[in-house]
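The values are calculated or read from the model by the stated rules, or taken from the named source; none is laboratory data. Quick caveat, the model's predicted, so the values are computed rather than measured. Note: ideal-geometry Cβ built from the backbone for every residue, glycine included; neighbour counts use all protein chains shown.
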């Protein structure tokens, strides 16, 4: 087994959660803006792809160096051990980005990195002709930040938010990685009731169910690195076997998702069936003001409308007021609402116990947390 520098990329504000997940897999890590770095072997590549709920994707860092000129970029890229990662038939497109760097032309940087990799591989595989690139995909990225080039290979393929269960969605679906983060930021445990009163296509309840039964989020999808010849098939078989062994399929769950739109309720039901939770999650059409509970010590998590569109503002503010009134009686329940509306607490009628800044795509939001009474110790 080799040792590789791995990067789990993260949305702004989720780095600490990704780091917590990486450490729970047994790897020491460092947290930076937008990424968590750690050292791991081939098994770490498979396990992190399968298990990280809040990361965007897994990359292998091939090299990092300062580059002020195209010559430097070419020579330092060519000096990297590309033959370790790319067999003779590899397909290796190059993508790029550049921020605050002298080498600002992304297309030129991509072309130079591509040429450097080709030159290195030509020498290693002793050939004079161009490569056919008809084998497994290894997408290379050159990312320049303040004249430092980080060169990586993407080990995920589709982003990790693509779990494989979303067969339909609404207008502005919540990313699965952010939905998982919202659940992680609560005090919910699998033996307690859980409600999402704005369930949309069901993402938050489905992510909660996956966490409640400890099901690896990547269990039902494929990853680009599964096709790489230098990672033995057994590594992936073992990682999937581990995920199967750790799943708690018999863990009972009390999870409800509701939405005012009956079409979204139907979509959510379809997605839950696809995820394997058709019988376990209860979806219903309901307005948030009509929510009432008979149980105690539950958790309510929601991504309500923000009221950013013209004409929606007043209706959304009224809905926040009604929500505050409906939830005011739930003193043993903890409530978590994510919205970009900075006056949420005023309309809700109560200051939050705690606020946390998060980004829903490019929208800056706050997660307003209202902590309920703790259950008595058993």
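Can you tell me which residue among 359, 277, 283 is in a strand (DSSP E or B), under 20 Å from residue 174 (Cβ atoms) and out of contact with any strand residue (DSSP E or B) (no Cβ under 6 Å at 6 or more places or on another chain)?
359
Considering only segment 126-142, state which residues are closer than 12 Å to residue 97 by Cα and crowded, with 19+ Cβ neighbours inside 10 Å.
140, 142
Going by the conditions given, is residue 104 part of a loop (DSSP other than H, G, I, E, B) and either over 20 Å from residue 228 (Cβ atoms) or outside the structural domain of residue 61 (by TED's automatic domain parsing) (or both)?
Considered against the rule, which asks whether it is part of a loop (DSSP other than H, G, I, E, B) and either over 20 Å from residue 228 (Cβ atoms) or outside the structural domain of residue 61 (by TED's automatic domain parsing) (or both), residue 104 comes out as yes.
Please specify each residue of segment 39-56 satisfying the condition of being surrounded by 22 or more Cβ atoms within 10 Å (Cβ to Cβ) and in contact with a strand residue (DSSP E or B) (Cβ under 7 Å, 6 or more places away or on another chain).
The answer is 40, 44, 45, 48, 49, 52, 55.
For every residue, the table says whether it meets (1) in the same structural domain as residue 138 (by TED's automatic domain parsing); (2) in a strand (DSSP E or B); (3) modelled with pLDDT of 95 or more; (4) over 30 Å from residue 108 (Cα atoms).
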site: 18; (1), (2), (3), (4): yes, no, yes, yes
site: 26; (1), (2), (3), (4): yes, no, yes, yes
site: 37; (1), (2), (3), (4): yes, yes, yes, no
site: 44; (1), (2), (3), (4): yes, no, yes, yes
site: 61; (1), (2), (3), (4): yes, yes, yes, no
site: 76; (1), (2), (3), (4): yes, no, yes, no
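Can you name the residue in segment 7-26 that is crowded, with 19+ Cβ neighbours inside 10 Å and in contact with a helix residue (DSSP H, G or I) (Cβ under 6 Å, 6 or more places away or on another chain) and is also farthest from residue 47 (Cα to Cα) among such residues?
The qualifying residue farthest from residue 47 (Cα to Cα) is 14.
Take residues that are assigned by TED's automatic domain parsing to the domain that holds residue 15 and in contact with a helix residue (DSSP H, G or I) (Cβ under 9 Å, 6 or more places away or on another chain) and tell me which of the strands (runs of 3 or more DSSP E) falling wholly in segment 138-229 contain 1 or more.
Ranges flagged: 140-145, 148-154.
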